[in-house]
Every structure is written in structure tokens, then in C-alpha cells.
Amino acid sequence: MGDEVEGRIVGQVAEKTANAGTSQGRARDQAITLMHQGQGCRQIARITGLSKSTVSRLAQENGHSFDRAAQMKTPLKARLADLQATKMEISERIGQRVLEALDDMDNAESTRDFAYSAKGVADLTRALKDSQPAHDQSADVEDAKDFLVDLRAQLGAVRDEFEEETGVPFDSDEAGEIIARKTQREEETEHDES
């Protein structure tokens, strides 16, 4: 009889452990969703029941930051791009005015009209030079860094999905064989369809 009670207790503990893992997984998935919605670390911890340290670790693993400056980076880049586009449009309009002033200068009938048009050309040319958008190499570097961070996160997701599906570490020889077989099957299927 003692063995029977002990067996039931072990079964109940195993069931609770399995359920805890499932609810823990759901809480983690919910936390990641809330991160992408812009919720803060404390709010996510409160909603999901996860500890703040677990939420922070999940954020780090998923390339997310609760740093306000980091969250504002994308909208700021978009705003700067809009401003850059406006500056380009202004430059184009001033360039058109320079051409018109040059035409006026060429068609001037008096020295006074010529001097007035020349002054207009000089002023507009200076304005045009000031309105030219400067090329910012640091923005290119930041864009490249962002691309690489996103690429790393995507590759990590592919690795994790592969390991979850196959139960094989991605960097193992067995993984290489699985990938080679899958590639061969896809090539054969593609060949058969054509």
C-alpha cells in the first residue's frame, strides 16, 4: 500500500511539473509579445507572474532593450529621414530659383538689373549650399550595426527552431547530415516538378 501512495505522489508531482513547464512557457511567450508591444519590465513581470530578472533575461535573449533611449531610436531615425527628405526638397526648389535668377541675369537690359540678378544668384547659391543634406557616415555605421544585430537574432531563431524540431544541437555533425538530407530532398522535389 505504501508503494501505491508513493506512486500516486510521484505521478502528481510529475504532472504538476509538466503543467508548470507549460504555463512557464506560455508566460515567457506572453512576456516576449508584451515586450514587442512596448510594455516595461515591471509591467511584464506583474502581468505574466515572471520575476523581473527573468523578464530582463528574456529581453536580452531576444535582442530587446527596456532602455528608453533604445526604444526611441527607430522613431528618431524615421523623423530624421523625414527631415532629410524635406531638406532635399528645399534644395531642389532653391536650385530652381538659382536657374531662374541666372536666366534673369542673362536677360538683364541694364547694369542695375544685372547687378540685382547677380546678387540674387549669389544669395541663392549660398542658400543652396547651406541646404544640401550632409552625408552622415555614422548613420550608415549604425544602420549596418542594426542590420547585423537583426541578422544575429534571426539566425539564433533559426538555430533554436532547428534544435527544438530535431532535438539535435545545431553545430553537431548530426545536424549537418540532417540539413544535407533535407537539402537533397528539396532539390529532388524541385527537379521532379520541372
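None of the figures in this text is laboratory data; all of them are computed from the coordinates on show. All values derive from a computational prediction rather than experimental measurement. All Cβ positions, even for glycine, are placed from backbone atoms using ideal geometry, and neighbour counts span all protein chains on display.
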Inset, instruction - Please go through the residue pairs LYS52/LYS145; LYS77/LYS119; LYS77/LYS182 and name each one whose alpha carbons sit more than 31 Å apart in this structure. - result: LYS77/LYS119; LYS77/LYS182
Inset, instruction - Compute the signed sum of charges (Lys and Arg +1, Asp and Glu -1) over the other residues within less than 14 Å, Cβ to Cβ, of LEU102. - result: -4
Inset, instruction - Just add up the charged neighbours of LYS52: K/R +1, D/E -1, any other residue whose Cβ is under 11 Å from the Cβ of LYS52. - result: +3
Legend entry - Cα-only Debye scattering, the stretch 123-194: base-10 log of I(q)/I(0) at q = 0.14, 0.26, 0.27 Å⁻¹: -0.70, -1.07, -1.10
Inset, instruction - Determine the principal axes of the Cα atoms in the stretch 80-180, then give the extent along each, sorted from largest to smallest and rounded to whole angstroms. - result: 88, 22, 18
Legend entry - Within-14-Å neighbourhood charge of GLU193 [Cβ basis; K, R +1; D, E -1]: -4
Inset, instruction - Putting +1 on Lys and Arg Cβ atoms and -1 on Asp and Glu Cβ atoms, find which of LEU128, ALA175, LEU148 reaches farthest to the positive end of the dipole of the stretch 120-193. - result: LEU128
Inset, instruction - Sort the following peptides by mean Cβ neighbour count (other Cβ atoms within 10 Å, averaged over residues), highest first: 83-94, 50-61. - result: 50-61, 83-94
